[in-house]
């Protein structure tokens, strides 16, 4: 099976549509690692589009926040404002869908899917090897897919638990899944934060045992204009052009 692995769409419909077009014919099913909503201008449309495909999805912190299942006092002011705006936009069908999302899934006894980390599914950021290495003991499968940080990265488990795992930034070459246990972050569709403004995603081939990172340009100004129209804070729409 070929899976389109995506995360952190954040209601950016234009970016999501660009990813789907770029990946056309390359996948059989979508694996979404959460944060469908928040920050962006098209929450209902993004969820509806995802649901039109064969897919599975887990909950992210922004998905919880718009349902008031998470205290948004820890959010920065712009994120809080976007969350409150999104709450007013969501239709009942989308609310019910988000409310029923699990926080963790295991597929084919090989792949663990969480938004934040295996240790804290919804909220923890795996940014560095010092955070990644202890997280390997919180999942039993060879591979774990995470999102949340908006930055593509791969962590490879260290041979000894008191050592730090290796981390590398992926390139265009497919990653061959072998003996090493990995934590894999595909990056963000709707709000990349690695200095590359292009939408990020990955293709997992479970038969060939490969994972390929992909980037695709999208019409950033289209999303920005939608956000301006809704009077989003300038920082939220400005950052899209710079990938931070």
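Throughout, read-outs are computed from the coordinates displayed, never taken from laboratory work. Values in this document were obtained by computation on a predicted structure and should not be read as measured data. Every residue, glycine among them, receives a Cβ derived from its backbone with ideal geometry; neighbour counts consider all protein chains shown.
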Listed peptides 195-207, 2-14 by packing density, highest first (mean Cβ within 10 Å): 2-14, 195-207
Cα pair count fraction exceeding 23 Å, expressed as % - the range 123-218: 23
Acute angle (nearest 10 degrees) that the helix 13-22 long axis makes with the longest principal axis of the chain, alpha-carbon atoms: 40
For the chain, average projected area of the Cα convex hull in nm²: 12.0
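Provide the FRET efficiency to the nearest 0.05 for the residue 99-residue 163 pair, computing r from the beta carbons and using R0 = 35 Å.
Numbers: r = 41 Å, r/R0 = 1.16.
It comes to 0.30.
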Tensor-based shape of the range 1-146 (alpha-carbon gyration tensor, a/c under 1.5 rounded, otherwise prolate or oblate): oblate
Spacing of the two label points (7 Å from each Cα toward its C-beta) at residue 1 and residue 244, in nm: 4.0
Pairwise centroid distance, computed over Cα atoms, of the range 120-137 with the range 53-86, Å: 20
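In deg cm²/dmol, rounded to 500, what helix-only [θ] at 222 nm does the chain give when every DSSP H run of at least 4 residues adds -39500 (n - 2.57) and the total is split over its residues?
Working: 8 runs with 67 residues, N = 244.
After summing the helix terms and dividing by the residues of the chain, the value is -7500 deg cm²/dmol.
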Sorted peptide list for 92-101, 54-63, criterion being average Cβ within 10 angstrom, highest first: 54-63, 92-101
Distance between the range 138-161 and the range 1-43 - C-alpha centres, whole angstrom: 21
Gyration tensor (alpha-carbon) shape descriptor, the range 64-112, a/c threshold 1.5: oblate
Extension gain from residue 26 to residue 92, taking 0.36 nm per residue of separation minus the Cα-Cα distance: 20.5 nm
Among 27, 211, 136, residue whose mean-square fluctuation peaks in a GNM of the chain (springs only between Cα atoms under 10 Å): 27
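If you restrict to DSSP beta bridges whose two residues both lie in the chain, what percentage is antiparallel, to the nearest 5? Can you show the working numbers first?
Values: 24 of 37 bridges.
Among the beta bridges of the chain, antiparallel pairing accounts for roughly 65 percent.
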For the range 128-181, radius of gyration divided by Kirkwood radius, i.e. Rg to Rh on alpha-carbons: 0.93
Spacing of the two label points (7 Å from each Cα toward its C-beta) at residue 172 and residue 123, in nm: 4.1
Max mean-square fluctuation residue, GNM over the chain, Cα-Cα springs under 10 Å, options 53, 232, 145: 53
